[in-house]
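Q: One structure, pasted below without further comment.
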Amino acid sequence: MAHLNMPYEVDSFHFAQLLGPGFPIPAYESPGDVRKEARERSRIIHKTFNSLHAIVTRHEETIQKRWLKKSGQQKRKILLECWPGMSAVHRPDFEAFRKETKEQRVRGTKYREAFVWPYINQEDLSKPKSLLLLLNARARHHPSHFAATDSTANHFGKVTHAIQPVYLNEYVMILNGATDPAKYGELIAWDDHPDAFEWMHTQKQFLPGDGLLVLETQERILRFLLDFVRVILHDIPEDRLTSETYPVQPELHLKTEVEANGFESLVVMAAEAPYRLPSRIDFKRMELLLEARVSAAKDHIWALREEPDYFADKILEIRDNSIEMLKDTKGNIHPALRPGVGPVVMARAIPNLVLEAYAELEFFTELHRQAKKLRLLHDKYAPTLSPAKDLPEDFLDGLLTFRHLLGQAAKEPLGVLRYSAVGSPPLRRFFVRKPPANATAARVMFEVAPRPGATPTKVEEQVIWLLRTLWEDSETLFFAQMPLVLDELERLIQAEPQAADLISSRIAEVISNASIIAQCMAQVNQYQPWARAFESAEVEKIEAIKERYAAWEKPLVSMIGGIKEKNFTRIAHLAETSDRRFFYPSEKRRTKENVEALRRAEQNLDEFWRAVDEINRMLQRTPEWVDNATITKKQSQRNDASTSVESLVRPLSTLYFSGETAPKQKVATTAKVKTKTKGEAKDTILTPVPDENVDKKAEPTPIRVDSRALKVFRTLFFNPGVTSTRGEVSWQDSIYAMTSTGIFSAEKLYGSAWQFQRLDTESQTRIQFHQPHPRGKIPFTMARRMGRRLTRAFGWIGDMFVLRGNE
């Protein structure tokens with residue numbers, strides 16, 4: 001509130017006018033009262049911290065061993081002994097928010113503790129590592145390290161008015177970087193220090209009310225932890241805990257997710273983050289995450305244009321997860337689904353398919369470009385960065401530009417959720433729509449409401465609330481923020497099978513896309529202490545940022561302008577799957593009938609894309625020139641139509657096709673989108689380019705694996721001359737196969753996405769795959785598609801894999 005620059009004496013009527021309707025009037029405290037409370041809390045914090053530090057540095061190993069041996073019931077009993085009335089469930093502030101109205105919260109919430117300490121709860125702290133991580137972080141690092149994150153932790157409570165910090169104008173409280181106990185929580189008037197107003201304005205330091213809340217938060221957490229270690233070490237007299245009998249020990253190492261399970265999990269990392277020492281942005285990790293997503297977006301477009309079965313699956317997913325699939329309030333199907341109406345729903349599915357694919361590629365490509373630029377700027381300035389200093393101007397500008405683009409990119413998956421989630425097969429039973437005037441009524445005019453009589457369980461209700469928070473993009477999402485909502489949704493899906501059953505494969509992929517954007521948002525917003533000033537710094541730069549964004553977006557807007565439902569009505573029949581136009585028996589034994597079916601599906605797919613390209617003129621296909629002399633004898637043999645399965649199933653709609661029989665030449669296997677960002681908008685051009693990560697001249701190096709992994713790779717790179725059985729692959733077996741090579745590490749992202757990072761190259765190249773949903777089996781056709789992606793990305797082929805021990 002300090003930006004209002006009001007005098008101390010302000011009557012409640014004028015205060016209410018300044019704040020606006022619906023805002024509570026904060027309590028005023030005098031400088032003397034604030035200073036007295038801050039000094040006392042700081043004194044208690046440092047006394048408790050010193051005692052805790054002395055005990056933990058001597059007994060951490062014993063504490064860890066004893067805690068890990070406790071049963072769940074024993075852990076909860078200890079937690080309640082040390083913190084009576086501790087919240088029972090994860091994120092109790094979310095539960096409290098759903099229980100109370102805004103008016104109840106403003107008058108005085110019954111759940112203040114849940115909002116102030118949302119991460120202190122029995123469900124999370126009774127897990128094996130959470131409390132031990134919290135203890136390690138808080139006992140070994142000064143409270144000032146946690147000031148910014150402790151303020152962020154109760155952000156949801158403050159913006160929903162459940163927490164109402166006291167008001168004191170023209171003062172600032174010092175917490176960030178203040179390791180001197182006498183300076184921690186110091187209250188400074190703007191007139192008493194030349195930088196005091198700047199510290200407040202840029203949020204390097206704290207408003208007095210927010211500062212007091214941080215001190216209250218830390219005092220209670222440290223007291224809880226001190227009580228906890230005393231209970232765990234109950235057999236050691238308190239006066240001997242820090243005596244010479246117990247010397248200081250080296251800090252212990254808790255097993256990481258990789259060490260415990262063999263792979264990393266973004267869900268686990270997000271769940272553990274509140275209990276660890278706050279970390280800085282890992283710019284390299286963010287860059288590689290986006291790079292892998294760009295690769296996946298390119299592969300998706302290639303597969304849509306090359307593989308009839310993949311195209312059919314995706315177009316059906318869009319159609320079957322649409323609002324039109326909902327019955328209306330009278331129990332009737334949508335008019336567009338009635339016989340004789342025409343392919344209205346398919347005419348809507350086609351532009352969605354095309355737009356989503358190319359918008360994803362454009363956004364993630366630009367996000368990756370900006371993330372790489374940020375990483376280079378960070379590397380440049382890292383030696384001189386200091387919490388006491390402002391960020392260099394070009395670095396700050398880059399962070400704010402990246403932050404703005406993330407916000408714009410997030411609108412894409414949230415928009416997909418808006419028109420896909422309620423119509424998805426698992427969620428339809430909970431919703432109805434108001435009948436439209438006719439079959440062609442615009443989708444945006446559809447009104448959706450809860451189905452009368454539908455009674456979701458508590459878990460189902462939580463999932464629906466979180467999804468609705470995302471797709472409505474309303475005040476609740478503004479309060480909670482997208483990263484937190486997605487964290488909660490993913491945690492629920494992983495923890496509750498009933499929650500996972502509500503998520504269709506299409507929605508799982510949308511959640512994956514949104515979560516990558518959200519994780520980047522979270523990283524930027526945790527770049528403390530500078531992140532506290534991003535909003536105020538953005539005010540001066542926003543117009544220039546918006547101008548740059550508009551220039552970048554211009555070609556995409558031009559493309560969107562041509563992709564309209566009315567333009568696709570006449571070609572919608574070309575995407576219909578009911579007449580087996582895209583029947584593609586690639587897993588069947590090669591017979592004359594099967595080969596004809598393959599070729600027919602490929603011709604139909606090519607006919608569809610020719611019609612799309614004719615409408616939009618988006619894509620031009622140009623073959624990469626490769627001199628035949630550079631093709632090795634072995635490569636030629638693999639391309640021989642008489643011996644290669646790939647030559648039989650190679651689609652006519654591949655990107656090197658230009659009206660004649662495709663020449664037998666090396667064809668690039670990644671796509672590159674060039675977008676002109678200055679001047680007049682031009683057509684987006686998809687041009688095949690060689691993958692720079694693949695050494696085309698070197699003979700493949702054998703990769704020795706065990707029999708379990710070899711079975712997986714023989715399916716991914718199926719060759720009927722080697723393997724006669726075409727079957728499914730367990731998802732867990734595929735993770736094992738990739739990691740058992742020693743070449744990749746695995747990481748579980750959000751939704752259905754998994755990421756595999758190469759360990760054998762300095763570039764740390766990554767590739768992402770989607771876990772099949774809801775079954776944990778990879779169908780043969782999907783396995784073959786994964787194999788083709790590995791070939792494109794890394795040059796892998798089937799005969800590279802040999803049984804370990806065999807020559």
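Readers should treat all values here as calculations from the given coordinates under stated rules, not as data from a laboratory. The structure presented is a predicted model; accordingly, all values stated were derived computationally and were not measured. Cβ sites come from the backbone with ideal geometry, for glycine too, and all protein chains shown count toward neighbours.
Q: As an exercise, use a Förster radius of 60 Å and the Cβ-Cβ distance of residue 227 and residue 706 to find the FRET efficiency, rounded to the nearest 0.05.
A: Plugging the Cβ-Cβ distance into 1/(1 + (r/R0)^6) gives 0.75.
Q: Please give the peptides 272-279, 534-541, 222-229 ranked by average Cβ packing (other Cβ atoms within 10 Å per residue), highest first, as a rough proxy for protection.
A: Result, highest mean first: 222-229, 272-279, 534-541.
Q: Calculate, in nm to one decimal, what residue 385 and residue 338 gain on full extension: separation in residues at 0.36 nm each, minus their alpha carbon distance.
A: Computed gain between residue 385 and residue 338 is 10.5 nm.
Q: Still on this structure, I have one more. Which of the trypsin sites (Lys or Arg not before Pro) found in the stretch 347-392 are loop residues per DSSP with 11 or fewer other Cβ atoms within 10 Å of their Cβ?
A: Taking the stretch 347-392 and a limit of 11 other Cβ atoms within 10 Å, the loop trypsin sites (Lys or Arg not before Pro) found are 389.
Q: Same structure, new question: Around residue 472, under 15 Å between beta carbons, what's the net of Lys plus Arg minus Asp minus Glu among the other residues?
A: Summing Lys and Arg as +1 and Asp and Glu as -1 gives +1.
Q: What's the FRET efficiency of residue 434 with residue 279 using the Cβ-Cβ distance as r and R₀ = 56 Å, to the nearest 0.05?
A: Using R0 = 56 Å, I get an efficiency of 0.70.
Q: Next question. Mind ranking 399-412, 283-296 by how tightly packed they are, going by the mean number of other C-beta atoms within 10 angstrom, highest first?
A: 283-296, 399-412
Q: On a 27 Å Cα-Cα criterion, which of the cross-link pairs 327/588; 75/102; 373/554; 298/777 come out too long?
A: 327/588; 75/102
Q: In nanometres, what is the gap between the two model label sites at residue 269 and residue 549, each 7 Å from Cα along Cα-to-Cβ?
A: 2.6 nm
Q: Now for a separate question. Between residue 376 and residue 195, with labels modelled 7 Å along Cα→Cβ, what's the label distance in nm to one decimal, could you check?
A: Label-label distance for residue 376 and residue 195, simple model: 3.2 nm.
Q: Okay, next question. For 141, 253, 378, which order do you get if you count the other beta carbons within 10 Å of each Cβ and list the fewest first?
A: Sorted ascending by nearby Cβ count, the order is 253, 141, 378.
Q: Give me the one-decimal nm value for the distance between modelled label points at residue 728 and residue 252, 7 Å along each residue's Cα-to-Cβ direction.
A: Spacing of the two 7 Å Cα→Cβ label points: 4.2 nm.
Q: Moving on to the next point. Report the extension gain between residue 573 and residue 447 in nm, rounded to one decimal, defined as 0.36 nm multiplied by the number of residues separating them, less their alpha carbon distance.
A: 42.6 nm
Q: Please give the FRET efficiency for residue 123 paired with residue 69, using the beta carbon to beta carbon distance and R0 = 22 Å, rounded to the nearest 0.05.
A: 0.65
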